[in-house]
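The values are calculated or read from the model by the stated rules, or taken from the named source; none is laboratory data. Predicted model only: the values in this text are computed from it and were never measured. Cβ coordinates were reconstructed from backbone atoms using ideal geometry, including for glycine residues, and neighbour counts include every protein chain displayed.
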Amino acid sequence: MTARGWILLACAVAAFVAAPIIGIGLLASAASVLIALVITSVLWVHGAARGLSVTHQPPQACVGLGDTLVVTVVVQAHRVLPRPWIEVIDHSTLSDRPVARIDNLLLARTSRHTWAIVCRQRGVFRLGPTTVRIADPFGLAHARRDLTARHDVLVTPVAARWPAACRALFVAAPDARRSRWRNASEPAASVRHYRVGDPLRSIHWRSSAHHGQLMSRELDAPHDDDLVIMLDHDAAARTMLDPPVLRADGTLVTSSDDLLALAAATVLDAALPQRRDIRLMRTGTPPVLLARLRHAGDGHQAQAALARYQSEGAAPLAHALPATWHALGRHGALVLVTAARGTDWVAPLCHLARGGQSVVVIHLTMDHSADPVALALLRAHHVPTILLDASGDAPRLAGDPAP
């Protein structure tokens, strides 16, 4: 019961007990009516609650940042009892959602409650549980039904519109666009005897002819046109924004990790159509593979990894970078996405660039500021650097005039 119901019941019981003492029979009759009203309200509310079924129509499990997610809760009555007041409360973790809605089930047997939520923040969010509260017309009693069903929704970063000069850095040269899984005669980094279960495309025919038996290529070996997207996992480099920044596209940036995921999604969007062997990794000792992509349809695993990504590592970028070199082929490309400050992390990249490796740096800034010494060192070693700021301005190449 509600507080009003308990007060009314206490007063009615006191009046019923006092009526014979003070000799007012009408008071006892009125008290009996009030007690019956409270009991009827309690039975009515609980009977109405037991006659309800609440279902949660699960939406799509994965949506892009900025998309609209539609959530529907259906409340259906199975007993002919009027329900003049129903409150549907949503306990989802998505932002910008209505917390509760008020409705009734007088003549209709079904009530649908739909929320259209614009996903402004990257991450993994929970839909549900949902609570339905019912009260009688007098506000004397209430009951609740809990829908415990929960659904996880991935809000993945989407590729941003970057200038052509920036996107061109992730496009392989025409003579490097050969796909190793389409040409079985290309040189292999390592060859071994064929094993039962090896795919046919792994057979290295030149070595098989030379040895007189089937030989397989190690497909995991680095290749000339590999692309490695390396995310800086150093938690010390992460910058939290308080309050969050609302970008021009309507999305929220709460930390440098959101910018990091946005940059990686844009690189993937530019590189996937080339059918290159793309590896999404994070720094560490050793580095960790988050996703591997070989076809345009392989992007879901990478998008899911970017939706969940948080910088939690303890190794500074300068110490973690040398451990990543084995992931590159002789002429494979490295795209490093980092918000690191200072200049310690620049030396390993310059050493790699001097060896003829293709290196691109996407440097994340919070207020259009970047270390000029680090930028000068990268420019001196011909390492292209893209500056991406949290404000939402278009990224620019280091050396170009600021907006």
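Which condition does M281 not pass, out of (1) on the phi > 0 side of the Ramachandran plot; (2) assigned to a strand (DSSP E or B), if it passes all the others?
So the condition that M281 fails would be (1).
I'm told L293 meets every condition in (1) buried (at least 16 other Cβ atoms within 10 Å of the Cβ); (2) farther than 20 Å from R275 by Cα; (3) touching a Leu at 6+ places or on another chain (Cβ under 9 Å); (4) not hydroxyl-bearing (S, T, Y) except one. Can you identify the failing condition by its number?
Evaluating L293 over (1) buried (at least 16 other Cβ atoms within 10 Å of the Cβ); (2) farther than 20 Å from R275 by Cα; (3) touching a Leu at 6+ places or on another chain (Cβ under 9 Å); (4) not hydroxyl-bearing (S, T, Y) leaves (2) as the failure.
So that you can scan it fast, the table gives a plain yes or no per residue for (1) crowded, with 21+ Cβ neighbours inside 10 Å; (2) in contact with a Lys or Arg (Cβ under 9 Å, 6 or more places away or on another chain); (3) at pLDDT 90 or above; (4) more than 22 Å from T239 (Cα to Cα):
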{"residue": "A263", "(1), (2), (3), (4)": "yes, no, yes, no"}
{"residue": "V267", "(1), (2), (3), (4)": "yes, yes, yes, no"}
{"residue": "I278", "(1), (2), (3), (4)": "yes, yes, no, yes"}
{"residue": "G297", "(1), (2), (3), (4)": "no, no, no, yes"}
{"residue": "H300", "(1), (2), (3), (4)": "no, no, no, yes"}
{"residue": "A314", "(1), (2), (3), (4)": "no, no, no, no"}
{"residue": "A323", "(1), (2), (3), (4)": "no, no, no, yes"}
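Among the candidates L252, L259, single out the residue that is within 25 Å of L328 (Cβ to Cβ) and under 17 Å from the mean Cα position of the chain (by Cα).
L259
Please tell me if P20 is assigned to a helix (DSSP H, G or I), surrounded by fewer than 19 Cβ atoms within 10 Å (Cβ to Cβ) and modelled with pLDDT under 85.
yes
May I ask you to list pairs of residues, at least six apart or on different chains, whose Cβ atoms are under 9 Å apart, with the first in segment 372-391 being within 19 Å of T266 (Cβ to Cβ) and assigned by TED's automatic domain parsing to the domain that holds P244 and the second being of a type in the set (D, E) and not in a helix (DSSP H, G or I)?
Pairs found: L387/D400; D389/D367; A390/D367; S391/D367.
Quick one: in segment 189-223, which of the residues that are in contact with a helix residue (DSSP H, G or I) (Cβ under 9 Å, 6 or more places away or on another chain) and more than 19 Å from R292 (Cα to Cα) is modelled with the lowest pLDDT? Step through it out loud before you land on a result.
Pass one, segment 189-223, residues in contact with a helix residue (DSSP H, G or I) (Cβ under 9 Å, 6 or more places away or on another chain): 191, 193-194, 214-219, 222.
Checking the rest, the ones that are also more than 19 Å from R292 (Cα to Cα) come to 191, 193-194, 214-216.
Working: V191: 80, H193: 81, Y194: 77, L214: 83, M215: 83, S216: 80.
Looking at residues that are in contact with a helix residue (DSSP H, G or I) (Cβ under 9 Å, 6 or more places away or on another chain) and more than 19 Å from R292 (Cα to Cα), I get Y194.
Considering only residues that are among the aliphatic types (A, V, I, L, M), without any contact (Cβ under 8 Å) to a residue 60 or more places away in the chain and farther than 22 Å from V88 by Cα, which ones fall in segment 33-50?
Selection gives V33, L34, I35, A36, I39.
A quick yes/no check of all residues on (1) under 30 Å from V124 (Cβ atoms); (2) in contact with a strand residue (DSSP E or B) (Cβ under 9 Å, 6 or more places away or on another chain); (3) without any contact (Cβ under 8 Å) to a residue 40 or more places away in the chain; (4) assigned to a helix (DSSP H, G or I):
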residue	(1), (2), (3), (4)
G5	no, yes, no, yes
L26	no, no, yes, yes
A31	no, no, yes, yes
V71	yes, yes, no, no
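Going by what's in this entry, would Q57 be described as without any contact (Cβ under 8 Å) to a residue 40 or more places away in the chain and under 19 Å from A116 (Cβ atoms)?
Details: without any contact (Cβ under 8 Å) to a residue 40 or more places away in the chain: yes; under 19 Å from A116 (Cβ atoms): yes.
So Q57 fits the description; yes.
Counting just the residues of segment 280-290 that are modelled with pLDDT of 85 or more and either of a type in the set (S, T, N, Q) or within 15 Å of the chain's Cα centre (by Cα) (or both), which one comes out nearest to A333 (Cα to Cα)?
Ranking the candidates gives T283 first.
State which residue pairs qualify: first residue touching a residue at least 12 places away in the same chain (Cβ under 8 Å) and inside segment 279-294, second residue in a loop (DSSP other than H, G, I, E, B) in any location, beta carbons under 6 Å apart, and separation of 6 or more residues or different chains.
M281/P287; R282/H233; T283/D232; T283/H233; G284/H233; T285/A315; R294/D277
When you check A270 against the structure, is it part of a helix (DSSP H, G or I) and in contact with a strand residue (DSSP E or B) (Cβ under 7 Å, 6 or more places away or on another chain), yes or no?
Answer is no for this residue.
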